[in-house]
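Notes for the one structure printed next.
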Amino acid sequence: MAVDPTTEGLFVRRRFEAPPERVFQGWTNPELAVQWLFSGLVGEGAELAMDARPGGVFRLRGARHEGYGEFIELDPPRRVVLAFGIPALRHGVDRFVVEIAPNAAGSLLSLTKEGLPPDLTDETEGDWGVMLDRLAAIL
């Protein structure tokens, strides 16, 4: 999957009361990920097929859209790098770099979304706020 390097990106940080191992599972366990990851974009009743290994692919299908991704790098429980796109919403894919570090209350997650056009930054930041709230609720 190719990422357009000419576009900007987004950086988000979020604290979780769960340990890094559990936050990592939220990204790589299909039973957890289907409950929050991109689910607002694809629509209700999302189904997720996921092969969580470097080079492994995943497909998320919901009532409105279908999205496709690939795991580029996995370093449990510290790092997830993946590419993901929803063809009906936008051509191309975005690259996501997720870093998870322990902190006193649990974990600190840092998310960098590469390949994002500047005019979509505010909307996308709001979408990630909602998704990360959902992740926190299931952890």
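Here are a few things to note about the model shown:
- Residues of region 59-79 satisfying the condition of being among the aromatic types (Phe, Trp, Tyr) and surrounded by fewer than 18 Cβ atoms within 10 Å (Cβ to Cβ): 68
- Residue 80 being modelled with pLDDT of 90 or more, under 20 Å from residue 32 (Cα atoms) and β-branched (Val, Ile, Thr): yes
- In region 41-53, residue farthest from residue 24 (Cα to Cα) [restricted to those that are modelled with pLDDT of 75 or more and in a loop (DSSP other than H, G, I, E, B)]: 46
- Cβ pairs under 6 Å, 6+ apart, first in region 73-99 and without any contact (Cβ under 8 Å) to a residue 40 or more places away in the chain and farther than 21 Å from residue 61 by Cβ, second among the basic types (Lys, Arg) and surrounded by fewer than 20 Cβ atoms within 10 Å (Cβ to Cβ): 99/79
- Where residue 56 falls short, out of the listed (1) over 26 Å from residue 107 (Cα atoms); (2) at pLDDT 90 or above; (3) surrounded by 15 or more Cβ atoms within 10 Å (Cβ to Cβ): (1)
- Of all residues making up region 98-139, the number that are in a strand (DSSP E or B) and at pLDDT 80 or above: 15
- Under the condition of being within 17 Å of residue 109 (Cβ to Cβ) and not aromatic (Phe, Trp, Tyr), the residues counted in region 63-92 number 10.
The values are calculated or read from the model by the stated rules, or taken from the named source; none is laboratory data. Source: prediction; values computed, not measured. All Cβ positions, even for glycine, are placed from backbone atoms using ideal geometry, and neighbour counts span all protein chains on display.
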